[in-house]
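These notes are about the structure you will find just below.
The values are calculated or read from the model by the stated rules, or taken from the named source; none is laboratory data. Computed from a predicted model, the values in this text were never measured in an experiment. Glycine also receives a Cβ, built like all others from the backbone with ideal geometry; neighbour counts cover every protein chain displayed.
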Amino acid sequence: MEYSPVLAVATALIEIWAGVWTLRGPGRKHILRTAAVMLFLLAGYQIAEAVLCTLSPTSTAIPQLAFIIVTCLPPLGLVLAAQLSSPEARWMRITAFTMLSAGMAIVIWIAVDGRFVSDSVCNVVYARYAHPVPRIRFYGWYYWLGLFGIVIFSFLGRRSSDSALSQRQLDLLLFGTLGFIVPAVITTRYIAPAEGALPSVLCHFALILALFVIALVRVERRSDSRS
């Protein structure tokens with residue numbers, strides 16, 4: 001079926017608006033900056049996919065760009081979880097920035113490796129990418145380690161936190177992360193047309209994460225206005 005960019009464009013507009021709104025309001029700046037960058041990266045993937053599937057379907061550079069954009073999302077989620085923990089755990093911070101450094105190295109790898117994405121096929125509202133097996137297997141381990149790390153960091157940070165504000169925000173990050181991972185995996189596992197399109201489906205369902213991040217920022221803003 002012919003690809004429609006409507007979902008990707010609408011999602012990108014919501015995420016861009018949310019990122020700008022996050023940066024322009026009160027709150028702890030380091031938390032707001034991390035949340036805003038996550039929102040902008042999510043929007044960037046949607047834009048890249050829409051351009052690929054409507055304007056440049058044979059491009060090899062745009063699929064690379066799409067994966068570059070989302071590579072830093074898992075470690076940024078770890079950074080955000082570490083920042084929200086109160087008291088902030090040193091081991092979380094070290095792990096998060098180690099993961100972020102690994103993400104930067106993978107960004108460079110994807111940028112210089114023209115064979116990282118060997119093919120892309122657009123269908124309805126998502127894109128399916130083909131990769132040489134060793135590359136995507138390594139990337140998959142990195143990406144899923146990061147996503148599950150956000151879940152673990154949020155859960156452990158919430159349990160050890162002595163702040164009601166931190167607990168509530170970590171709950172939002174936890175449920176937002178699970179809220180897009182679980183339906184994306186179910187969709188690609190049990191809906192045949194979406195099989196093999198997990199990266200794209202994950203990024204579309206990540207609108208759920210974006211909404212929870214917006215809620216997290218709202219909590220931050222209300223807390224700042226009361227202090």
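What residue, among those in region 98-117 that are of a type in the set (Gly, Ala, Ser) and loosely packed, with under 14 Cβ neighbours inside 10 Å, is modelled with the lowest pLDDT?
Gly114
Inside region 118-141, can you point out the residues that are crowded, with 18+ Cβ neighbours inside 10 Å and at pLDDT 85 or above? It would help to see each step written out before you state the result.
Taking region 118-141 as the starting set, the residues that turn out to be crowded, with 18+ Cβ neighbours inside 10 Å are 120, 122, 125-129, 131, 136, 139.
Within region 118-141, just Tyr139 meets the criteria.
Of these, Val37, Val20, which one is among the β-branched types (Val, Ile, Thr), within 25 Å of Arg222 (Cβ to Cβ), modelled with pLDDT of 90 or more and loosely packed, with under 14 Cβ neighbours inside 10 Å?
Working: Val37 fails: loosely packed, with under 14 Cβ neighbours inside 10 Å.
Result of the check over Val37, Val20: Val20.
Tell me whether region 60-67 contains one or more residues that are within 17 Å of the chain's Cα centre (by Cα), over 23 Å from Gly140 (Cα atoms) and among the aliphatic types (A, V, I, L, M).
Our first condition is that a residue be within 17 Å of the chain's Cα centre (by Cα); within region 60-67, this holds for 63-67.
Now narrow it down to the ones that are over 23 Å from Gly140 (Cα atoms): none.
No - not one qualifying residue is present in region 60-67.
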